[in-house]
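Here the structure comes first, spelled out in structure tokens, and everything after it is commentary.
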Amino acid sequence: MKASFVSNMSLQNAMRLTVATAQKEMLKVQEESVTGRHSDVGAVLGAKTARTLNLHRDLQRMESLKSTNALTTQRLSASQEALGTMSTAANDAMGVLIALSGITSADQLQLAQKNLGSALQTFTAAANTSFSGEYLFAGINSDVMPLNDYFRESPVSDAKTEFDAAFLAHFGFDQDDNAVATIDPADMQSFIDTLESSFTGVDWENDWSNASSENMESRVSTSETVQSSTNTNTDGMRYMALGLVLGQELLALNISESARKVVSDASIDYMGRAISGIDGERSKLGISEARVAQANTSLGAQITILSNSIKDMEGIDTYEAATRVTTLESQLSLAYTLTSRIQNLSLLNYL
């Protein structure tokens, strides 16, 4: 019979290999128990890997759309709030104008002039509302302040300069001249008609507005885009500026009662158009808000379907993974113990 000898070095190497293998497997299983998916999807799925990659790409696109939809919703909400401020200011100005009917008191006329000027300032501030560094009512020119301040003094605004020039050109004297008392209703109506043409034409874009007439469009799903802004070139905003400027500049002048009635009636008419136009823009953006909400509902359903499909292909049983972690921990603990004992094997301990 032949005796064979096995050195404790070979036993130690065998245990080291066992420990290294167990540690590598432990890292893999721990990752899987945390992520809930195979650590090496390609190795497990093989030819099906391309399919899961496509699902991941679609999922990222849906999640990206839902994320941008949140910004679109906030932009629309801020726009609605600003338009609501304009509408309220327009209705308040309409009330002031209606209350002035037949009034000739200079104090009351000056108070009304002040109220209309405040309404114009409120309108300008609302029109220049910004969100996330972009002006809401500038159309696609979102980096440019859309509406110039009519009351700017240094330098004097182009809109104010043009109004004064138009008044002087039409009547032959300025607003402070005593001759304003001689303006007859027909002449005043002619001036207002001329002024309306300038507000509804290119003069508006030269003197008042820096906005683009092309509105922002936002993609809310893979196949749908919505209007996500409006601009200061809309009829409602033009008529609001016109009605307020007429009332603020002309009602308190020393003009005849019949001429003042022409101004008052025109201002009321323009404010009515302004309210209708601004509320119309609010309705358009409200439709966009509803479409964004519907798109988010659809995207949420698609995200759920894609996530479940990916989980079915890549997912693992986390309870099984936890059990494997416990088993490997026990194996490692035993291997460490055996390795320690083997290292202590020496003839010197028995001599």
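Readers should treat all values here as calculations from the given coordinates under stated rules, not as data from a laboratory. Everything numeric in this text was worked out from a predicted model, so none of it was measured. Positions of Cβ are backbone-derived with ideal geometry, glycine not excepted, and every protein chain shown enters the neighbour counts.
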| About the Cα centre, charge dipole magnitude for segment 260-316 (Lys/Arg +1, Asp/Glu -1 at Cβ), debye | 320 debye
| query | Tell me, what HN-Hα J-couplings in whole Hz come from the Karplus equation 6.51 cos²θ - 1.76 cosθ + 1.60 at θ = phi - 60° for each residue of segment 136-150, using x for Gly and Pro? | reply | 6, 10, 9, x, 7, 8, 5, 9, 10, 4, x, 10, 6, 7, 4
| So how do 162-168, 132-138 stack up, highest first, on mean other-Cβ count within 10 Å? | 132-138, 162-168
| task | Apply the Karplus parameterisation 6.51 cos²θ - 1.76 cosθ + 1.60, with θ equal to phi minus 60°, to every residue of segment 218-231 and state each ³J(HN,Hα) to the nearest whole Hz, in sequence, with x for glycine and proline. | result | 10, 7, 10, 7, 5, 10, 9, 10, 10, 6, 10, 7, 10, 9
| task | Using θ = phi - 60° and the Karplus relation 6.51 cos²θ - 1.76 cosθ + 1.60, list the HN-Hα couplings for segment 50-65 in order, rounded to whole Hz, with x at every Gly or Pro. | result | 4, 5, 5, 5, 5, 5, 4, 5, 5, 5, 4, 5, 5, 5, 5, 4
| query | If you count, for each residue, the other Cβ atoms within 10 Å and average over each peptide, how do 176-183, 251-258 line up from highest to lowest? | reply | 251-258, 176-183
| message | If packing is taken as the average number of other Cβ atoms within 10 Å across a peptide's residues, how do 52-61, 287-296 rank, most packed first? | response | 287-296, 52-61
| remark: Long-range amide H partners of residue 213, meaning residues 5 or more apart or on another chain whose placed amide H is closer than 5 Å, are none
